[in-house]
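Worksheet: the structure to be examined is printed underneath.
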Amino acid sequence: MNTHEILKVLQEDIHTVIIATTDQKGYPYTCAIDMMLLEDELLYFLTARGKAFYNRLMKQSHIALTGLKGEDTMSSVAISLQGTVKNIGHERLDEIFEKNPYMKEIYPDEISREVLEVFQIDKCQGEYFDLSQKPIYRQSFVVNESLKKSGYYVGEGCIGCKMCYRVCPQKCIDISSKPVVILQDHCLHCGKCQEVCPKQVISRY
């Protein structure tokens, strides 16, 4: 999947996500917010100026969010991202109301909508995680940022003992070469491989 396809799942299929922000003292808060619009690789949502959520966004532009969809744990797809938002005022507000007609029931007229402002997620790094596939599937993505290395990696000094493979719940380690290679698209990030490595050459980034 490319980044746009992942974000389309987040905006259309999941739609309602949990966003985390912090207050001036650094205390975390979460709230449920709908992802209203996706254009290219940019997501948009809105909130009202009188809300505490709005004030936190204006004072601290960094957010983290997670969206989850599925009938149960083993059929679920989760998308998480961390990034920054930008207030764009009333820009794209009409477009958002057209795409999300239920908003007209909440804010029925132009006067009531004056209090709403739109935020754009302009930079982010995230992860798509699908438990319905066997083995599980994960994919990192970025928007307007460089992709940072993350996960567990095997370094030089590996002796090919295969202890990491034996304890890996997804058996997602290629042991055909030395050093062995952890297949990042299927890794749970449980860290068991690092715990058992006799040479301690597995690092987390």
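The values are calculated or read from the model by the stated rules, or taken from the named source; none is laboratory data. If you're wondering where the values come from, they're calculated on a predicted model, not measured in any experiment. Neighbour counts run over all protein chains shown; Cβ positions are idealised from the backbone, glycine included. Each accessible area value is taken on the protein alone, full model and side chains, heavy atoms only, with ligands, DNA and RNA left out. Shrake-Rupley method; radii C 1.70, N 1.55, O 1.52, S 1.80 Å.
Of note:
- Given (1) farther than 20 Å from Ile18 by Cβ; (2) open to solvent by 80 Å² or more (accessible area, probe 1.4 Å); (3) modelled with pLDDT of 95 or more, index of the condition Asp40 fails: (3)
- Breaking point among (1) farther than 18 Å from Met36 by Cα; (2) surrounded by fewer than 18 Cβ atoms within 10 Å (Cβ to Cβ), for Asp122: (1)
- Search result, residues across segment 104-121 that are aliphatic (A, V, I, L, M) and either free of Cβ contacts under 8 Å to residues at least 40 places away in the same chain or assigned to a strand (DSSP E or B) (or both): Ile106, Ile111, Leu116, Val118, Ile121
- Apart from one condition, Lys148 fits all of (1) at pLDDT 95 or above; (2) part of a loop (DSSP other than H, G, I, E, B); (3) touching a strand residue (DSSP E or B) at 6+ places or on another chain (Cβ under 7 Å); the exception is (1).
- Taken as a whole, the condition of being among the hydroxyl-bearing types (Ser, Thr, Tyr), without any contact (Cβ under 8 Å) to a residue 40 or more places away in the chain and either in a strand (DSSP E or B) or open to solvent by 60 Å² or more (accessible area, probe 1.4 Å) (or both) does not apply to Ser203.
- Only a single item in (1) under 19 Å from Ser140 (Cα atoms); (2) surrounded by 12 or more Cβ atoms within 10 Å (Cβ to Cβ) is not met by Gln60, and it is number (1).
- Top-ranked residue in segment 78-98 [being touching a residue at least 40 places away in the same chain (Cβ under 8 Å) and assigned to a helix (DSSP H, G or I); ranked as most open to solvent (accessible area, probe 1.4 Å)]: Glu95
- Checking Leu131 against (1) more than 22 Å from Gly83 (Cβ to Cβ); (2) without any contact (Cβ under 8 Å) to a residue 60 or more places away in the chain, the condition it does not meet: (2)
- Only residues that are open to solvent by 50 Å² or more (accessible area, probe 1.4 Å) and of a type in the set (Asp, Glu) were counted in segment 128-149, giving 1.
- Top-ranked residue of segment 2-37 - restricted to ones that are in contact with a helix residue (DSSP H, G or I) (Cβ under 8 Å, 6 or more places away or on another chain) and farther than 24 Å from Ile106 by Cβ, ranked as surrounded by the most Cβ atoms within 10 Å (Cβ to Cβ): Thr22
- Considered as a group, the residues in segment 171-183 that are touching a residue at least 24 places away in the same chain (Cβ under 8 Å) and open to solvent by less than 50 Å² (accessible area, probe 1.4 Å) include one that is nearest to Ile136 (Cα to Cα), and that residue is Cys172.
- All positions within segment 129-163 that are touching an Asp or Glu at 6+ places or on another chain (Cβ under 9 Å) and not β-branched (Val, Ile, Thr): Pro135, Tyr137, Arg138, Gln139, Ser140, Phe141, Asn144, Ser150
- Selection of segment 42-77 for residues being within 15 Å of Cys124 (Cβ to Cβ) and either in a strand (DSSP E or B) or of a type in the set (Ser, Thr, Tyr) (or both) yields Leu42, Leu43, Tyr44, Phe45, Ser61, His62, Ile63, Ala64, Leu65, Thr66, Gly67.
- Within segment 43-57, the residues that satisfy the criterion of being small (Gly, Ala, Ser) and either open to solvent by 80 Å² or more (accessible area, probe 1.4 Å) or touching a Phe, Trp or Tyr at 6+ places or on another chain (Cβ under 9 Å) (or both) are Ala48, Ala52.
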